[in-house]
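Report on one structure; see the data block that follows.
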Amino acid sequence: MKLLQRWKAQREADGVDALAGLRDLTEARLAEMIATAQAQLLDRVGPALDEFGKSAPELATLLRVVPEELADPRVHGFGISPDSIGQLSQAAHALRGLEDHAGTLMNAASKMGNLADGASALQAATEIRAAALALQRAKEH
């Protein structure tokens, strides 16, 4: 048990030391630190995307939107709300495996292509049936 506690203390020492200097942290200073960290991240992401683009250019093009969004001053100024992050996480989780089911979705969508025509015919048939029932009731009375 002591070995595990010693390992944990050593592993977390850098993080605890870094937090120790944050006693007089203001919201403005925190925003500045986050913006600096994001800028450093963006500086590293660009070259990585360039390299990634050599093997998957279309995907790299799509991924370039992320750093552009992070570089947007509105993100630095207001931050990303926890609710938005949660919604994005849920959406990403719900869309996992989408590529496995894309064919099924495409087939279903193509079969539903004539749905509007079928709905009109169904509505007309329903109206005719309702009129026939009303006429039958009127004859019975």
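The values are calculated or read from the model by the stated rules, or taken from the named source; none is laboratory data. Please read all numbers here as calculations on a predicted model, not as lab measurements. Cβ coordinates were reconstructed from backbone atoms using ideal geometry, including for glycine residues, and neighbour counts include every protein chain displayed. Side chains included, ligands, DNA and RNA excluded: accessible areas come from the protein's heavy atoms. Shrake-Rupley method; radii C 1.70, N 1.55, O 1.52, S 1.80 Å.
Scan segment 42-66 for residues that are over 24 Å from Glu99 (Cβ atoms) and touching a Pro at 6+ places or on another chain (Cβ under 8 Å) and jot them down.
We begin by selecting, within segment 42-66, every residue over 24 Å from Glu99 (Cβ atoms); these are 42-44, 46-47, 50.
Answer for segment 42-66, where residues must be over 24 Å from Glu99 (Cβ atoms) and touching a Pro at 6+ places or on another chain (Cβ under 8 Å): Leu42, Gly46.
Which members of segment 82-98 meet the condition of being under 23 Å from Glu69 (Cβ atoms) and not polar (S, T, N, Q)?
Result: Pro82, Asp83, Ile85, Gly86, Leu88, Ala91, Ala92, His93, Ala94, Leu95, Arg96, Leu98.
Looking at the structure I just gave you, is Leu25 open to solvent by less than 70 Å² (accessible area, probe 1.4 Å), at pLDDT below 80 and either more than 26 Å from the chain's Cα centre (by Cα) or hydroxyl-bearing (Ser, Thr, Tyr) (or both)? Quick ask: steps written out before the conclusion?
Details: open to solvent by less than 70 Å² (accessible area, probe 1.4 Å): yes; at pLDDT below 80: yes; either more than 26 Å from the chain's Cα centre (by Cα) or hydroxyl-bearing (Ser, Thr, Tyr) (or both): yes.
Considered against the rule, which asks whether it is open to solvent by less than 70 Å² (accessible area, probe 1.4 Å), at pLDDT below 80 and either more than 26 Å from the chain's Cα centre (by Cα) or hydroxyl-bearing (Ser, Thr, Tyr) (or both), Leu25 comes out as yes.
What pairs can you find where one residue is in segment 62-87 and on the phi > 0 side of the Ramachandran plot, the other is modelled with pLDDT of 65 or more and of a type in the set (Gly, Ala, Ser), and their Cβ atoms are less than 9 Å apart, with a gap of 6+ or different chains?
If the second residue must be modelled with pLDDT of 65 or more and of a type in the set (Gly, Ala, Ser), the pairs left are Gly79/Ala31.
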